[in-house]
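The structure under discussion appears below in the form of structure tokens.
The values are calculated or read from the model by the stated rules, or taken from the named source; none is laboratory data. Everything numeric in this text was worked out from a predicted model, so none of it was measured. Cβ placement follows ideal geometry from the backbone for every residue including glycine, while neighbour counts extend to all protein chains displayed.
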Amino acid sequence: MGLKYTILGGDKRSLELGNLLMKDGNDVCIYGFDRVEQYKNETVNLNEAIEYADVIVGPLPFSTDNINVNAPFSSEVIQIDKVFNFMSEKQMIIGGKFSSEHEKILKNKNLKLADYFTREEMQVLNAIPTAEGAIQIAMEETPITLHNSNVIVLGYGRIGKVLSKMLYGIGANVHVEARNYSDLAWIKNNGYIPIYLKELKTYLPRMNVVFNTIPQIILNKELLKSIDVSCLIIDLASKPGGVDLEAAKELGLKGISALGLPGKVAPATAAMVIKDTIYNIVEEMDV
């Protein structure tokens with residue numbers, strides 16, 4: 001017998017996730033989507049939507065202001081305090097990027113929670129649509145092919161690894177910056193050009209596209225000055241990001257902050273990744 005799930009707010013990924021859970025034979029309540037034609041006559045209120053579920057699934061990110069659930073398709077605000085107050089100890093809430101404050105409140109109330117965004121399987125699989133989305137932006141925003149272009153990926157974490165591999169497959173001249181010597185060895189081993197942080201200034205002037213994956217300012221005004229005005233800069237890192245976009249604008253450079261790409265470019269795939277991660281969590285926590 002399947003569990004009862006309530007999809008609480010979110011974007012297209014959340015709607016897709018609801019459909020996938022239903023296809024698997026679970027009972028699903030969708031709440032916070034009255035701006036979508038199909039759900040404009042929502043028949044339950046927030047209290048009923050919460051009480052209905054064994055598992056409440058929140059969006060990614062769970063909130064953008066720490067007061068309300070991130071629900072762009074809801075005409076009413078969904079207050080986080082109310083959601084938590086309506087929950088019972090029998091239930092569990094799963095969401096993406098909970099604040100430490102909300103985690104504390106839930107633990108104090110003896111409520112079960114899990115953050116799917118912190119899961120390794122989610123992060124690794126999410127890197128694929130992120131990398132594809134970044135390449136799509138680069139193709140749309142540059143007048144040249146990526147094949148034979150000089151590109152640099154800053155950072156060699158999950159996204160950096162997947163993105164470098166895809167760019168290499170397209171035939172780009174792939175440069176990868178990393179600080180860790182073992183990463184630099186793997187970069188070289190994979191056929192990319194390894195770049196030490198201190199060498200960046202030397203290589204940046206010849207780049208056609210710069211992809212940043214590091215969530216702290218790497219491309220400051222000083223380094224941005226060495227980038228050619230025709231170069232495109234795509235920042236994939238979560239806020240505050242790794243590019244001083246204000247300084248880039250002042251210098252006449254084109255910088256794009258590209259956040260939440262999985263939900264934008266591949267909501268169906270992103271939803272499948274979230275669904276599989278949720279099933280893993282539910283199994284581990286024996287809900």
### Message
Can you find, within segment 50-85, the residue that is surrounded by the fewest Cβ atoms within 10 Å (Cβ to Cβ) among those that are within 11 Å of GLY32 (Cα to Cα) and in contact with a Leu (Cβ under 7 Å, 6 or more places away or on another chain)?
### Response
ILE78
### Filtered residues of segment 114-155 (kept if more than 18 Å from ILE233 (Cβ to Cβ), outside any helix (DSSP H, G or I) and either in contact with an Asp or Glu (Cβ under 7 Å, 6 or more places away or on another chain) or polar (S, T, N, Q) (or both))
THR145, ASN148
### Query
When only residues in segment 20-34 that are assigned to a strand (DSSP E or B), closer than 19 Å to VAL69 by Cα and not β-branched (Val, Ile, Thr) count, which is farthest from the chain's Cα centre (by Cα)?
CYS29
### Query
Is segment 82-96 home to any residue that is touching a residue at least 60 places away in the same chain (Cβ under 8 Å) and farther than 22 Å from MET272 by Cβ?
yes
### Task
Among what's in segment 104-123 and is surrounded by 12 or more Cβ atoms within 10 Å (Cβ to Cβ) and among the basic types (Lys, Arg), pick the residue that is nearest to TYR5 (Cα to Cα).
LYS112
### Query
If you check ASN148 against the conditions, is it surrounded by fewer than 19 Cβ atoms within 10 Å (Cβ to Cβ), at pLDDT 95 or above and not small (Gly, Ala, Ser)?
yes
### Query
Has segment 90-103 got at least one residue that is touching a helix residue (DSSP H, G or I) at 6+ places or on another chain (Cβ under 9 Å), under 17 Å from VAL282 (Cβ atoms), assigned to a strand (DSSP E or B) and among the small types (Gly, Ala, Ser)?
yes
